[in-house]
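Novice: Before I ask anything, let me first share the structure, which is written out below as structure tokens.
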Amino acid sequence: MPNLARKNEMPNPKTKYKRVLLKLSGEALMGGRDYGLDPEVVARVAEEVKSVIDMGVEVCAVIGGGNIFRGVSGAAQGMDRATADYMGMLATVINALAMQNALEKAGVPTRVLSAIPMSSVCEPYIRRRAMRHMEKGRAVIFAAGTGNPFFTTDSAAALRASEMQCDALLKATKVDGVYSADPTKDKSATRYDKLSYLDVLAQDLQVMDTSAISLARQSHIPILVFSIFDHGAFANVMQGKGKCTIIE
């Protein structure tokens, strides 16, 4: 039986958090490609996750599917929005299975739990089962978003982080934090070290969608935005040393 009172547990002295959820976009797994997965990038991300688990942190993850199919894009081209979103959910399952394979090659036992039942390839999402997997030291990847159309994987990440009683939600991006504008396009963009949930909403900073920010605020889960492309950044952020933006 999972320990539902785990919030009282103390984190590893070397880390600030006991249990975290990593939100990773599908685009981050493309590397330099225009579509699909770059095996080298997937393997490197798996090593980043392994380094954090080796520190005693319980890790779960939500991966987007934008490298394969984006529901919003499909809807914009005339496809029924619900159908397009379900296709996007299936894309996240592909990414989850790829990450599971990479993590297990790195020596990390991993379970994929899908919000859309597909027992031939992964387990159905059951909250207590997911918590038990993490307590046993396994990485858990949540696939198929929330299982409902019209909700993004950002919302799924905030939802699962709340359900799993995570101490923080880690948003892995291509840049080292939150900026006032896209730093790759605007060299004068201001980087923020700390923000409030209301700052993000009021300034429309596009960190995550408004539903995800609101749910994280309601659940009192800090959001840490960092670059997944900086080697060792995930582990450094877990120790309070990495470069990131904290939203709380």
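Residue by residue, here is whether (1) at pLDDT below 95; (2) out of contact with any strand residue (DSSP E or B) (no Cβ under 9 Å at 6 or more places or on another chain); (3) not β-branched (V, I, T) holds:
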| residue | (1), (2), (3) |
| --- | --- |
| R70 | yes, yes, yes |
| S73 | yes, yes, yes |
| K105 | no, yes, yes |
| R127 | no, yes, yes |
| H133 | no, no, yes |
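Novice: When you go through V62, V52, V42 one by one, which is the residue that is closer than 21 Å to F150 by Cβ, at pLDDT 95 or above and among the aliphatic types (A, V, I, L, M)? Talk me through it step by step, then tell me what you get.
Specialist: On the way: V52 fails: closer than 21 Å to F150 by Cβ; V42 fails: closer than 21 Å to F150 by Cβ.
Every option except V62 fails the conditions.
For every residue, the table says whether it meets (1) part of a strand (DSSP E or B); (2) among the β-branched types (V, I, T).
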site	(1), (2)
V93	no, yes
Q100	no, no
V108	no, yes
R111	yes, no
V121	no, yes
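Novice: May I ask you to list pairs of residues, at least six apart or on different chains, whose Cβ atoms are under 7 Å apart, with the first in the stretch 50-77 being more than 22 Å from D38 (Cα to Cα) and surrounded by fewer than 20 Cβ atoms within 10 Å (Cβ to Cβ) and the second being at pLDDT 90 or above and not aromatic (F, W, Y)?
Specialist: Between residues of the stretch 50-77 that are more than 22 Å from D38 (Cα to Cα) and surrounded by fewer than 20 Cβ atoms within 10 Å (Cβ to Cβ) and residues that are at pLDDT 90 or above and not aromatic (F, W, Y), the close pairs are M55/A235; M55/M238; G74/A84; G74/M87; A75/R81; A75/A84.
Novice: Okay, moving on. Checking M134 against (1) touching a Cys at 6+ places or on another chain (Cβ under 8 Å); (2) within 21 Å of E40 (Cα to Cα), only one condition comes out false. Which one?
Specialist: Result: M134 fails condition (2) only.
Novice: Sticking with this structure for a sec: Hey, does the stretch 61-75 have a residue that's more than 20 Å from A212 (Cβ to Cβ) and in a helix (DSSP H, G or I)?
Specialist: yes
Novice: Collect the residues in the stretch 126-143 that are buried (at least 22 other Cβ atoms within 10 Å of the Cβ) and either without any contact (Cβ under 8 Å) to a residue 40 or more places away in the chain or within 21 Å of G88 (Cβ to Cβ) (or both), keeping them in residue-number order.
Specialist: V140, I141, F142, A143
Novice: Let me ask another. Hey, could you check the stretch 143-173 for residues that are among the β-branched types (V, I, T) and not in a loop (DSSP other than H, G, I, E, B) and say which is modelled with the highest pLDDT? Steps first, answer last, please.
Specialist: Quick first cut of the stretch 143-173, residues among the β-branched types (V, I, T) only: 146, 152-153, 173.
Next, only the ones that are not in a loop (DSSP other than H, G, I, E, B) stay: 153, 173.
Numbers: T153: 96, T173: 91.
Filtering the stretch 143-173 for residues that are among the β-branched types (V, I, T) and not in a loop (DSSP other than H, G, I, E, B), the one modelled with the highest pLDDT comes out as T153.
Novice: Right, another one. Starting from residues that are touching a strand residue (DSSP E or B) at 6+ places or on another chain (Cβ under 8 Å), closer than 14 Å to G65 by Cα and not hydroxyl-bearing (S, T, Y), keep the ones in the stretch 148-164 and report whichever is surrounded by the most Cβ atoms within 10 Å (Cβ to Cβ).
Specialist: Initial filter on the stretch 148-164 (touching a strand residue (DSSP E or B) at 6+ places or on another chain (Cβ under 8 Å)): 153-154, 156-158, 160-161, 164.
Now drop any that are not closer than 14 Å to G65 by Cα, which leaves 153-154, 156-157.
Of the ones still in play, those that are also not hydroxyl-bearing (S, T, Y) are 154, 156-157.
Working: D154: 24, A156: 27, A157: 31.
Here the answer is A157.
The values are calculated or read from the model by the stated rules, or taken from the named source; none is laboratory data. Not measured: the values here are computed from a predicted model. Reconstructed Cβ throughout: ideal geometry from the backbone, glycine too, with neighbour counts over all protein chains shown.
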